[in-house]
Amino acid sequence: MAMSDRVLPLAHTPERANSETALTKVILIGLAVLFLVAILFLPLVTVFIEALRKGWGTLFESFGDPDTLAAIRLTLLVAAIAVPFNAAIGLAASWAIAKFEFRGKNLLLTLIDLPFSISPVISGLVYVLLFGAQGWLGPWLQAHDIQIIFAVPGIVLATVLVTFPFVARELIPLMQSQGTSEEEAALLLGASGWHTFFKVTLPNVKWALLYGVLLCNARAMGEFGAVSVVSGHIRGLTNTMPLHIEILYNEYNFVGAFAVASLLAGLALFTLLAKTVLEWRFAGEIAATARRH
Amino acid sequence: MSVPVRVRNLEKTFGRYPALKGVSLDVEAGELVALLGPSGSGKTTLLRAIAGLEQPDAGQVLFGDLDANTLSLRERRIGFVFQQYALFRHMKVFDNIAFGLRARPRASRPSEAGIRSRVLDLLHLVQLDGLEARYPAQLSGGQRQRVALARALAIEPRVLLLDEPFGALDARVRKDLRKWLRDLHQRTGHTTLFVTHDQDEAFELAGRIAILDHGRIAQVGTAQDILDRPATPFVGSFIEGIARREAQAREWTKPHVVASR
Ligand SMILES: Nc1ncnc2c1ncn2[C@@H]1O[C@H](COP(=O)(O)OP(=O)(O)OP(=O)(O)O)[C@@H](O)[C@H]1O
Ligand SMILES: [Mg+2]
């Protein structure tokens with residue numbers, strides 16, 4: 001009480017400072033909104049406008065193209081493999097890093113960040129160097145009739161590598177800030193390791209995990225650079241949606257290109273919408289698990 | 001139900017820092033002992049080693065005739081209350097307290113109805129009737145502390161280990177809870193080791209007090225023993241405040257306040 005009494009007059013005094021900060025606030029918010037509209041919103045709207053330029057009919061027709069359908073299927077397949085894989089491995093790695101002490105922990109942390117800091121094109125090239133026909137493992141793979149580069153396995157590998165950090169990066173800081181005492185309490189109360197993991201550790205991070213998975217998924221579907229290097233751009237076989245968009249665009253098939261682009265953008269928007277709805281719906285629970293008590 | 005705890009020459013080193021340097025301590029069945037010491041003296045480390053959360057480098061812990069080393073964490077059946085509560089933040093109070101019962105293997109797990117009545121009994125015991133549907137974040141510090149205690153009591157522990165249970169609370173609440181805990185102990189009779197760095201708390205609450213100094217037990221005894229004959233200069237200076245008040249109380253009134261128990 002006494003504390004706040006002493007603080008109050010200070011917070012009250014400069015009326016002018018208050019109106020100045022209000023003005024600064026308006027200017028800053030205005031700039032941010034302007035920037036977002038110009039850089040993010042307008043291009044996004046353009047995608048949909050371009051896609052609809054020749055009407056809904058043409059838009060749907062372009063989805064009937066077998067190569068387009070193949071690209072959509074491949075993108076969904078790659079995401080369906082890469083996202084669960086990265087979610088599982090990211091969860092395991094975060095758990096190890098946040099809850100245990102071991103040698104080489106910092107090295108592991110750096111490795112997790114690596115895909116963020118190097119260009120995706122290089123990530124792709126690494127696989128070509130490893131598995132390509134002229135690569136280190138190329139001859140062995142050829143001898144055993146295994147195709148990785150210019151085939152689906154290569155695309156999956158490249159996507160996994162590029163999107164690996166999303167889940168782990170969401171989980172590690174949260175798990176570290178939550179510490180290990182809840183797990184210790186659970187073990188002392190007689191819970192097994194599995195029970196502790198599924199009833200204590202996992203529920204405490206489920207929102208961060210979901211968020212990481214959504215981001216990972218958005219990126220897995222949208223990845224261009226690394227996939228472009230390993231894919232070989234074989235129509236109907238190794239073209240994902242982003243690669244297919246580029247090809248259509250280069251062929252001056254603008255409606256086709258923007259049709260696929262609008263689908264890709266729609267998927268991303270849906271992801272964000274899902275996240276927002278979930279955050280709004282479970283706001284209380286999210287606050288409870290995020291706060292240290 | 002309650003068993004004595006015997007700690008024999010426990011040693012624990014973190015890196016090169018010796019946190020426990022040969023600690024021996026006996027807590028008799030049903031006794032409440034306060035472990036008193038300045039910050040960093042090794043109180044939490046000793047408690048964690050007894051609980052099995054920390055593997056000691058040397059020494060032994062016995063629960064009755066059982067060597068703790070041969071027991072898993074579950075088999076130890078320790079009721080542990082953490083310095084920072086460590087309540088399960090995503091669970092309601094009810095589920096926090098029920099956790100230990102639900103974690104049991106199927107054969108010894110009570111029915112949901114059995115769990116419910118046990119949890120409600122415990123809530124009544126810690127005077128939190130009606131709060132079972134709250135989340136920990138919606139409780140005051142003192143209430144969280146009592147939930148943590150109820151959760152620990154739910155597994156019918158052999159031994160209760162309390163790590164500065166009132167450390168984060170304001171002085172008034174501490175006083176109330178102190179009295180409440182003493183009554184609770186008299187009713188339930190758990191062998192209890194109670195960590196604190198607050199001399200008043202130790203002297204008011206415990207039958208015997210163990211004073212820890214830089215990873216060694218400096219003295220164990222009743223409040224009277226320690227006030228009358230501090231074993232080392234450290235103990236003398238550490239309890240100086242209490243000793244002075246004690247002396248004043250003796251001068252002013254005949255039956256003295258603090259050490260009269
Ligand atoms: N995991 C650890 N790694 C390294 N050093 C540790 C670890 N845990 C404790 N220590 C050290 O051991 C010593 C004793 O710590 P402990 O937590 O037992 O003290 P405490 O008596 O409980 O203090 P407080 O009253 O502040 O809680 C301290 O010097 C501390 O820095
Ligand atoms: Mg401590």
For the protein assembly as shown, treating each Cα as an identical point scatterer without solvent, what Debye log10 I(q)/I(0) comes out at q = 0.10 1/Å? -0.97
With +1 at each Lys and Arg Cβ and -1 at each Asp and Glu Cβ, the charge dipole magnitude of region B:89-131 around its Cα centre, to the nearest 20 debye, comes out at 260
Value of [θ]222 nm, deg cm²/dmol, for chain A, DSSP H segments ≥ 4, -39500 (n - 2.57) each, nearest 500: -25000 deg cm²/dmol
Among A:Ser119, A:Ser19, A:Ser262: highest mean-square fluctuation, GNM of chain A, C-alpha pairs under 10 Å: A:Ser19
Sequence order, region A:49-66: Karplus ³J(HN,Hα) from phi using 6.51 cos²θ - 1.76 cosθ + 1.60, θ = phi - 60°, Hz rounded, Gly and Pro as x, gives 5, 4, 4, 9, 3, 9, x, 5, x, 4, 4, 5, 4, 5, 6, x, 4, x
Whole-Hz ³J(HN,Hα) for each residue in region B:31-41, computed from phi via Karplus 6.51 cos²θ - 1.76 cosθ + 1.60 with θ = phi - 60°, x for glycine and proline: what do you get? 7, 10, 10, 9, 9, 10, x, x, 4, x, 7
Förster radius 41 Å - calculated FRET efficiency between B:Ala247 and A:Phe116, Cβ distance, rounded to 0.05: 0.05
For A:Asn106 paired with A:Phe60, estimate the spin-label separation in nm (one decimal), with each label point 7 Å from Cα along the Cα-to-Cβ line. 6.1
For helix B:240-252, report the angle its Cα long axis makes with the longest principal axis of the Cα atoms of chain B; keep it between 0 and 90° and round to the nearest 10°. 70
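Subtract the Cα-Cα distance of A:Tyr252 and A:Glu50 from 0.36 nm times their separation in residues, and report this length gain in nm to one decimal.
Full extension from A:Tyr252 to A:Glu50 adds 71.4 nm.
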Karplus-derived 3J(HN,Hα) from phi for region B:173-190 (6.51 cos²θ - 1.76 cosθ + 1.60, θ = phi - 60°), whole Hz, x at Gly and Pro, runs 4, 4, 4, 4, 5, 4, 5, 4, 5, 5, 4, 4, 5, 4, 6, 8, x, 6
Could you run the numbers on buried accessible area between B and A, total for both chains, 1.4 angstrom probe, in Å² to the nearest 100? 2200
Cα extents of region A:43-144 along the three principal axes, largest first, in whole Å? 61, 41, 23
Give the residues of region B:62-92 whose amide nitrogen is closer than 20 Å to a point set 7 Å from the Cα of B:Asp121 in the direction of its Cβ. B:77-80
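Calculate, for A:Ser181 and A:Ala133, the FRET efficiency according to 1/(1 + (r/R0)^6) with r their C-beta to C-beta distance and R0 51 Å; round to the nearest 0.05. Numbers along the way, then the final one.
Values: r = 54 Å, r/R0 = 1.05.
That pair, A:Ser181 with A:Ala133, gives E of 0.40.
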In whole percents, the bins of 5 Å from zero upward hold the Cα-Cα pairs of region B:25-155 as 2, 9, 17, 19, 18, 16, 12, 5, 1, 0
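Using a probe radius of 1.4 Å on heavy atoms only, what accessible surface per residue do you get for region A:77-200? Whole Å² is fine.
For region A:77-200, the per-residue accessible area is 50 Å².
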Taking placed amide H atoms and a strict 5 Å upper bound, the residues 5 or more places from B:Phe80 or on another chain that come that close are B:Leu161
Distance between the C-alpha centers of region A:230-265 and region A:135-168? Whole Å please. 21
Rounded to whole angstrom, the alpha-carbon centroid of region A:78-107 lies from that of region A:28-62 at a distance of 36
Mind listing the long-range amide H neighbours of B:Ile217? Cut-off is under 5 Å, sequence gap 5 or more, other chains count too, H placed in the peptide plane at 1.01 Å from N. B:Ser24
Just how far, in whole angstrom, is region B:168-204 from region B:42-87 if you go by their alpha carbon centroids? 20
For chain B, what size does the Cα cloud have along each of its three principal axes, sorted from largest down, in whole Å? 56, 44, 31
In Å and whole numbers, how far do the C-alpha atoms of region A:93-157 stretch along each principal axis, longest first? 43, 25, 19
As a check on your grasp of the helix formula, calculate [θ] at 222 nm for chain B: sum -39500 (n - 2.57) over DSSP H runs of n ≥ 4, divide by the residue count, round to the nearest 500. -11000 deg cm²/dmol
Which length gain, in nm to one decimal place, applies between B:Lys92 and B:Leu71 when the Cα-Cα distance is subtracted from 0.36 nm times their residue separation? 4.5 nm
Tell me, what % of the accessible area of chain A is carbon and sulfur with a 1.4 angstrom probe? 72
Chain B: Lys pairs at Cα distance under 28 angstrom, eight or more positions apart or on different chains: 9
Going by a 1.4 Å probe on protein heavy atoms, which residues of region A:149-184 end up with at least 30 Å² less accessible surface in the whole assembly than in their chain alone? A:Ser181, A:Glu182, A:Glu184
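The values are calculated or read from the model by the stated rules, or taken from the named source; none is laboratory data. Values in this document were obtained by computation on a predicted structure and should not be read as measured data. Positions of Cβ are generated from backbone atoms using ideal geometry, with glycine treated the same way; all protein chains shown enter the neighbour counts. What goes into the accessible areas is simple: the full protein's heavy atoms, side chains included, and nothing from ligands, DNA or RNA. Shrake-Rupley method; radii C 1.70, N 1.55, O 1.52, S 1.80 Å.
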